[in-house]
Amino acid sequence: MDTVLYTVCAVGGWFAFGYMLRLQRRQPSPARGAICVALGAFAAGITLAIPPVAAGIDSASGLPNLAKVMSHGCAMTIAASAEHMLLHLSLPPARAAARSRIWVWVTSSAFLAMVALFACTLAYDQPVLLTVEYARDPVVTAYLLIFMLVGFFAYCTDITRLCWRFARICGRPWLRRGLRLTAVGAAFALLYSTNKIIYLIAYWSGYQPAGERQVAAVLVTIAALLMMVGLTMPAWGPIFTITRRWDDYRSYRQLEPLWRDLVAALPELELDPSLRRPLSAARDIDYALTRRVAEIRDGRLALRPYTDVKVTELAERFAGQAGLTVDELRANVEAAHLACALRRHRARLMAAVPQPADELHRPEGGYAGEIGWLAQVTTAYTRSPVVARTLAAARDAPNPRVGDASR
């Protein structure tokens, strides 16, 4: 099972490393460079940990455990790189650089001690493995404890703490999500090291529990995948935002026919004429769409004195003849009211019996529901035969002119 899990992680690691390396070449940054180092070390380390690969390296070199030591060195590099990135995100540059140097010295010293202990095992008459099954050997125990305490416990505790703390104040949504996912991955790495230490204690106590390799493989796979996704999420996550921005831009364009007629009749509605330029609107589509929705609603309120209750009766009758659904009927009635009110406004004719304000449709679903509703209304306004028939059947002549309304 560990062969399959490590192979899956290795493939994902090399893919993520290639993706981030390409981004780093296009837009270099210290944080992205640290992520590239971490992902490269992860991909190399997990590849070296695949049992057939490790056995081949040990056999070719004639040095038992060489692949494991190299893999452990990669694991410590991953932790150091992630720590470096997080320190530069959460601290001023001078403090971050100082703390990074401390971690580099601690990591380097710990790994040199591990290499020295590995060299000691090469002098044994009977070769040992650097695994918990050989933990009764003091050299193996010292090696594993240094690796677990420095390579995992110290780093992963600090990574979890920094990720959660910075995620609370981070303003970029995808970076915030990535930091939280990285923190969860680091927590699983802590479980991995805890599992190793528990097995170490058990072997020293005279017990020989089984299943350590399988448990470790599952925990390290979960930790690795979560951290890999979390560290790369700020790079690929905005792709989904781009998709949403395209949907917003499409909605913005869809509302244009109704908005254009309203603004032509009521120029005071338009607060930002620069949004008429497509590039200006696309550059800040959230703001542009919000303005368009607000101006359409403001236009509806400004035309309230010109919306006649008779239009509702006409539009509902024509919609019933067309066999429209309830939602389609509401959109057609609203569109007919706007079309008729705009015509009355141009002719300066007020409605004899204005449509009550409390009968305005208020869609469910919040802002997204409002956009969907106005898109339906705009489509009916520009294309519906119900609206065209209502305009033709409506009679404006009996209504008083604006100038006569106060007499």
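The values are calculated or read from the model by the stated rules, or taken from the named source; none is laboratory data. Since this is a predicted model, take the numbers as computed values, not measurements. Here Cβ is always computed from backbone atoms with ideal geometry, including for glycine, and neighbour counts include all displayed protein chains. For the accessible areas, the whole protein counts, side chains as well, though only heavy atoms, and no ligand, DNA or RNA atoms are used. Shrake-Rupley method; radii C 1.70, N 1.55, O 1.52, S 1.80 Å.
Could you tell me how many of the residues in the range 116-139 are surrounded by 14 or more Cβ atoms within 10 Å (Cβ to Cβ), of a type in the set (A, V, I, L, M) and at pLDDT 90 or above?
So the answer is 2.
Please enumerate the residues belonging to the range 242-269 that are closer than 28 Å to Ala341 by Cβ and at pLDDT below 85.
Answer for the range 242-269, where residues must be closer than 28 Å to Ala341 by Cβ and at pLDDT below 85: just Asp248.
Quick check: anything in the range 224-239 under 26 Å from Ala183 (Cβ atoms), open to solvent by less than 70 Å² (accessible area, probe 1.4 Å) and among the polar types (S, T, N, Q)?
The answer is yes; a qualifying residue exists.
Which of the helices (runs of 4 or more DSSP H) found entirely inside the range 26-97 contain at least 2 residues meeting this: touching a Cys at 6+ places or on another chain (Cβ under 7 Å), touching a residue at least 12 places away in the same chain (Cβ under 8 Å) and farther than 17 Å from Ala224 by Cα?
none
Residue-by-condition table, conditions (1) open to solvent by 50 Å² or more (accessible area, probe 1.4 Å); (2) in contact with a His (Cβ under 9 Å, 6 or more places away or on another chain); (3) modelled with pLDDT of 90 or more:
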position	(1), (2), (3)
Met1	yes, no, no
Thr7	yes, no, no
Leu23	no, no, no
Ala31	no, yes, no
Ile35	no, no, no
Ala60	yes, no, yes
Leu66	no, no, yes
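Determine, yes or no, whether Trp246 is touching a residue at least 12 places away in the same chain (Cβ under 8 Å) and either farther than 29 Å from Arg22 by Cα or open to solvent by 20 Å² or more (accessible area, probe 1.4 Å) (or both). Before you say what the answer is, go through the steps one by one.
Values: touching a residue at least 12 places away in the same chain (Cβ under 8 Å): no; either farther than 29 Å from Arg22 by Cα or open to solvent by 20 Å² or more (accessible area, probe 1.4 Å) (or both): yes.
So Trp246 does not fit the description; no.
For (1) open to solvent by 30 Å² or more (accessible area, probe 1.4 Å); (2) of a type in the set (A, V, I, L, M); (3) in contact with a strand residue (DSSP E or B) (Cβ under 7 Å, 6 or more places away or on another chain), each residue gets a yes or a no:
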| residue | (1), (2), (3) |
| --- | --- |
| Arg277 | yes, no, no |
| Asp286 | yes, no, no |
| Gly299 | no, no, no |
| Ala315 | no, yes, no |
| Val333 | no, yes, no |
| Ala336 | no, yes, no |
| Arg344 | no, no, no |
| Ala347 | yes, yes, no |
| Gly372 | yes, no, no |
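Name the one entry in Leu112, Leu91, Leu87, Leu122 that is more than 30 Å from Phe15 (Cβ to Cβ) and under 26 Å from the mean Cα position of the chain (by Cα).
So the residue among Leu112, Leu91, Leu87, Leu122 that is more than 30 Å from Phe15 (Cβ to Cβ) and under 26 Å from the mean Cα position of the chain (by Cα) is Leu91.
Which residue is modelled with the highest pLDDT, if the candidates are limited to the range 301-311 and must be open to solvent by less than 20 Å² (accessible area, probe 1.4 Å) and either over 12 Å from Val353 (Cα atoms) or not aliphatic (A, V, I, L, M) (or both)?
Filtering the range 301-311 for residues that are open to solvent by less than 20 Å² (accessible area, probe 1.4 Å) and either over 12 Å from Val353 (Cα atoms) or not aliphatic (A, V, I, L, M) (or both), the one modelled with the highest pLDDT comes out as Leu303.
Please work out if Ala216 is closer than 22 Å to Phe17 by Cα and assigned to a helix (DSSP H, G or I).
Values: closer than 22 Å to Phe17 by Cα: no; assigned to a helix (DSSP H, G or I): yes.
Spelling it out, it is not the case that Ala216 is closer than 22 Å to Phe17 by Cα and assigned to a helix (DSSP H, G or I).
I need the full set of residues from the range 1-46 which are more than 21 Å from Ile159 (Cα to Cα), more than 22 Å from the chain's Cα centre (by Cα) and not hydrophobic (A, V, I, L, M, F, W, C), in order please.
Asp2, Thr3, Tyr6, Thr7, Arg25, listed by residue number.
Answer yes if at least one residue in the range 316-328 is among the charged types (D, E, K, R), under 38 Å from the mean Cα position of the chain (by Cα) and part of a helix (DSSP H, G or I), and no otherwise.
Yes, the range 316-328 has at least one match.
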